[in-house]
1. Just checking, does segment 186-194 include any residue being charged (D, E, K, R), open to solvent by 80 Å² or more (accessible area, probe 1.4 Å) and at pLDDT below 95?
2. Tally up the residues in segment 1-57 that are more than 28 Å from residue 271 (Cβ to Cβ) and more than 22 Å from the chain's Cα centre (by Cα), please.
3. Any residue at all in segment 120-142 that is in contact with a helix residue (DSSP H, G or I) (Cβ under 7 Å, 6 or more places away or on another chain), closer than 18 Å to residue 175 by Cβ and free of Cβ contacts under 8 Å to residues at least 24 places away in the same chain?
4. Would you confirm whether or not segment 211-232 contains a residue that is at pLDDT below 95, over 28 Å from residue 4 (Cβ atoms) and crowded, with 18+ Cβ neighbours inside 10 Å?
5. With the requirement that a residue be open to solvent by less than 70 Å² (accessible area, probe 1.4 Å), part of a helix (DSSP H, G or I) and at pLDDT 65 or above, what does segment 254-292 give you?
6. Filter segment 45-85 down to residues that are assigned to a loop (DSSP other than H, G, I, E, B) and out of contact with any Lys or Arg (no Cβ under 6 Å at 6 or more places or on another chain), then give me how many there are.
7. Going by the structure shown, is residue 98 in a strand (DSSP E or B) and not hydrophobic (A, V, I, L, M, F, W, C)?
8. Residue under question is residue 182, and the condition is that it be open to solvent by less than 70 Å² (accessible area, probe 1.4 Å), modelled with pLDDT of 95 or more, within 25 Å of residue 112 (Cβ to Cβ) and within 14 Å of the chain's Cα centre (by Cα); does it hold?
Amino acid sequence: MQSPEWGEFRVKAGNKVSWVKDLLVVWSRIPGTAWYFGTLLKSRMPTKEDIKRLRDEGIKVGGVGIRIEPDVLKGKMPDGLIRGRRFFTPKTFWLDLTKSEEQLLAAMHPKARYNIRLAEKHGVVIEEDHSDAAFEKFLELTEETTKRQGFYAHDKKYFQLMWETLKEKIAHLFVARYQGEILAAWIIFKYDDKIYYPYGASSDQHRGLQAPSLMMWKTALWGKAQGCKVYDLWGVEEGKGFTDFKERFGPKTVGFVGTYDLIINPLLYWAFRIAEGIRWQILGSLRHTRGI
């Protein structure tokens, strides 16, 4: 989320973007106002000088604040920031791709190794496929998966624009096929020496074939072949099925430095935070009433 390609995507999606040295800030207009709120996500650790430059840029853009969430495990954030509402989960799973295939397999839960062998035995095949047909299947499976598991996902327009902008640059689509039918589709991001698993969906058909397990393994091997060092499995949420699934592959749980806000316009910032709190309360109520 600090690449030029991601900035291009956000501009196409209707956001403003600012490059402050090598830091990409994405600005979203606050509904019903002429003001903006910025996000600086998955970045390096900003310095004291960066914070000054970010504040100056925010004043220029008409920003009320910037939410900063570095992709950094340790360190002290510069002074002058306050704790913000998290954007991503504060912890994630990292799979060490510098290990050999044998070491990666040995670190897995026996059930994960069994499921990989089972999928291979029954002829499930993992392929990178950037065709229109494969992407349409990804959209179909995403809708199916969100309904089945009861979580929110981006809409079709978001995914179409993201894929159009990022495919074969930082975004790669992998599918799991069984007898010609796509059972799972994942979009993997590759940037610098990491790969990321932000979007994945699977069919309710042939679930016993364990296609997602083979997908995890084959995309990890793909990342190794690309020279990447880390596979970020994108988020840890205790008690969730997808967290249990990821954990079987033997990743390390890592925690980030946290989420901090740079206040640019104090009066409007606190009004924004109050409105933000109300919005999340409403979303929480909707999840509760829908049994999510």
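The values are calculated or read from the model by the stated rules, or taken from the named source; none is laboratory data. Note that the structure is a prediction, hence the values are computed from the model and not measured. So basically every Cβ, Gly included, is an ideal-geometry build from the backbone, and we count neighbours across all protein chains shown. Surface accessibility is based on the protein's heavy atoms, side chains included, excluding ligands, DNA and RNA. Shrake-Rupley method; radii C 1.70, N 1.55, O 1.52, S 1.80 Å.
1. Within segment 186-194, the subset charged (D, E, K, R) is 190, 192-194.
Those still in the list that are open to solvent by 80 Å² or more (accessible area, probe 1.4 Å) too: 192.
The next check asks that each one be at pLDDT below 95; those that pass are 192.
Yes; the residues of segment 186-194 include at least one that is charged (D, E, K, R), open to solvent by 80 Å² or more (accessible area, probe 1.4 Å) and at pLDDT below 95.
2. Of the residues in that region, 3 qualify.
3. The answer is yes; a qualifying residue exists.
4. There is no residue in segment 211-232 that is at pLDDT below 95, over 28 Å from residue 4 (Cβ atoms) and crowded, with 18+ Cβ neighbours inside 10 Å.
5. 268, 269, 271, 272, 273, 275, 276, 277
6. 15
7. Details: in a strand (DSSP E or B): no; not hydrophobic (A, V, I, L, M, F, W, C): yes.
No.
8. Details: open to solvent by less than 70 Å² (accessible area, probe 1.4 Å): yes; modelled with pLDDT of 95 or more: yes; within 25 Å of residue 112 (Cβ to Cβ): yes; within 14 Å of the chain's Cα centre (by Cα): no.
Against the criterion (open to solvent by less than 70 Å² (accessible area, probe 1.4 Å), modelled with pLDDT of 95 or more, within 25 Å of residue 112 (Cβ to Cβ) and within 14 Å of the chain's Cα centre (by Cα)), residue 182 does not qualify.
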